[in-house]
Amino acid sequence: MASLWLYLHFPALQLDSLFQSPHQPAPQKLSHPPLAAPEPSPPPLCLLDAGTFLIKQLNTAAQQQGIKAGMTLSMASALCHDLQVLPYQAEQELQYLQQIAALLYQISADIALDPPCALWLRIEPMLALYGGLAAYLGTLSQHITALQLQTRMAVAHSAAAAQLLCFSQPGFVSDDPALITAALHHCPLHHCQLQSTGSGQKILQQLQAMGINSLGQLLAIPRSELSRRFSAEVIIILDQLTGDRPTVSQFYQPPEQFCQSLELLYQLEHSQQLQAPLGYLLQLLQNYLQLRDQHCYQLQLRLELRDHPPLVLSLQSACGEYQQGRWLTLFQLKLQQLKLPAPLLKMQLSAGQTTARDGDNLLLFGARSQGATADAGTTVTKAEVLRLRSLLAAKLGAERVQQPQLFADHRPELANAAHGSDLITGVGALAANVQQHQSNHIPSDLQQLRQNRLYLPPQLQAANPSPPVTLPLRPGMLLARPVPLRMQLQLQPGLERIQTGWWDQNQVQRDYYIGRNNQGQWCWAFKNTSGWYLQGYFA
């Protein structure tokens, strides 16, 4: 099959993209909406190249004032006294172009960037998938229309010819697949002016001096005659237009890590105003992760301030998220405690630790998901437990969210402790502790206590059917430190002796008893050489 290329040009990419980002929060809904008022027309606006002081891009209102691209600022200001000027930023425009390429990568595999504001798409490998050129262009047009950007496009049998047709037909701005297909079959390549080929000024002057103004006149000259009269640059241009020499040498590859920045139209002074632009960046993150079927555990938000060092906010999710709404909820809790020391100018969001997303394994008829544990008619999933911890960490700080941990020590006050751990690495222990708490319910009756004196959790029973593994009975509530016993206890027969700790200068020698006080509480007390002490209470 012959090669087929589509060229997309966005003549005002940065200018159009500035107003696509939701820099302001959505207005609140009113019970009685006011009468619809006509929308004010946008003011004349243009982008100025700081290096050449020439107009780079302009909107429709500025064009109606007679301003054109390439004018000097003084001439444009003379034509329009209320002209608004913004700086043109090539890096920002390239980032917008990469975002468009990432979006179109869903429907087309071969994409090449033509900075600063154009793309090439090789479409002949995709025709078999979409069932023809018209169907492919129809799908592409839907994505292009959703961008709401000024767009010019052309289709030809070579990448250079598609570019030439796009620039030589400034009036051809159509998203109709039928019109684009018709333009391909009636390719006016021979009528294109040589100025659109991008040739050097010296070569153009030489050709015009010979009366050659169109590409058709140049192609009519034999190739041997061209190589004798002109330089090799002319031959290279003709080979690219005819497809004999490739124009595109490198295709677009999606980035390995997500990193997007957003420059605000105006300065923000309150952290509550960050939700709308942050939601826009999180939506880009969701699109990025959905294309790869991934989720991420950690995000980093960099806030560039005016006359102040940048602020960096790190946020973690214990179970990994990809949805914009859940990440935004975590950031809202984080931003409630943030006070901006200076006005905000720019935001940058980057993601780390992205992994493949596991599918939600659900039973066929709507039962609880895999990994759920039931207790007293309630269903608690592992993901819900991890999301709760993520919310607490975002609200209180990761260092203040602690979890219990068991240690191999016979001394009860040292056998477990609460400690803060990394939100991502500690999630497995947290879920295990939750499941163990739900299954290790200690009965309050003394006879049942004695029966469960040698207690084995169900998960250990399944793993060790024989011989049985016995664990000593421990109360549901242990005191942080033993306190002197100040109450009368009715002791029950049996004791447990613990003698250990000689290796760390914290030796203990205790005899533990179970007793019942006058309030009916079952207590765990011990006796040593210095007296009686209370260690904890049974549930």
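Can you confirm whether residue 49 is more than 24 Å from residue 261 (Cα to Cα) and among the charged types (D, E, K, R)?
no
May I ask you to list pairs of residues, at least six apart or on different chains, whose Cβ atoms are under 7 Å apart, with the first in the stretch 405-416 being basic (Lys, Arg) and the second being assigned to a loop (DSSP other than H, G, I, E, B) and surrounded by 15 or more Cβ atoms within 10 Å (Cβ to Cβ)?
Final answer for the pair search is 411/501.
Can you find a residue in the stretch 199-222 that is out of contact with any Gly (no Cβ under 6 Å at 6 or more places or on another chain), assigned by TED's automatic domain parsing to the domain that holds residue 347 and at positive phi?
So far as the stretch 199-222 goes, no, none of its residues is out of contact with any Gly (no Cβ under 6 Å at 6 or more places or on another chain), assigned by TED's automatic domain parsing to the domain that holds residue 347 and at positive phi.
So is residue 386 assigned by TED's automatic domain parsing to the domain that holds residue 324, modelled with pLDDT of 50 or more and in contact with a helix residue (DSSP H, G or I) (Cβ under 6 Å, 6 or more places away or on another chain) or not?
On the way: assigned by TED's automatic domain parsing to the domain that holds residue 324: no; modelled with pLDDT of 50 or more: yes; in contact with a helix residue (DSSP H, G or I) (Cβ under 6 Å, 6 or more places away or on another chain): yes.
Here the answer is no, as residue 386 does not meet what is asked.
Can you tell me how many residues within the stretch 493-532 are buried (at least 17 other Cβ atoms within 10 Å of the Cβ) and hydroxyl-bearing (Ser, Thr, Tyr)?
The total comes to 2.
Criterion first (of a type outside the set (D, E, K, R), free of Cβ contacts under 8 Å to residues at least 12 places away in the same chain and surrounded by 13 or more Cβ atoms within 10 Å (Cβ to Cβ)) does residue 77 satisfy it?
yes
Is it the case that residue 298 is free of Cβ contacts under 8 Å to residues at least 40 places away in the same chain and surrounded by 14 or more Cβ atoms within 10 Å (Cβ to Cβ)?
Details: free of Cβ contacts under 8 Å to residues at least 40 places away in the same chain: no; surrounded by 14 or more Cβ atoms within 10 Å (Cβ to Cβ): yes.
The answer is no for residue 298.
Yes or no: residue 298 among the polar types (S, T, N, Q) and under 18 Å from the mean Cα position of the chain (by Cα)?
Yes: the conditions hold for residue 298.
Restricting the stretch 87-135 to residues that are in contact with a strand residue (DSSP E or B) (Cβ under 8 Å, 6 or more places away or on another chain) and among the polar types (S, T, N, Q), which is farthest from residue 8 (Cα to Cα)?
89
The values are calculated or read from the model by the stated rules, or taken from the named source; none is laboratory data. What you see is a predicted model, and the numbers here were worked out from it, not measured in a lab. In this analysis, Cβ positions are derived from the backbone assuming ideal geometry, glycine residues included, and neighbour counts consider all displayed protein chains.
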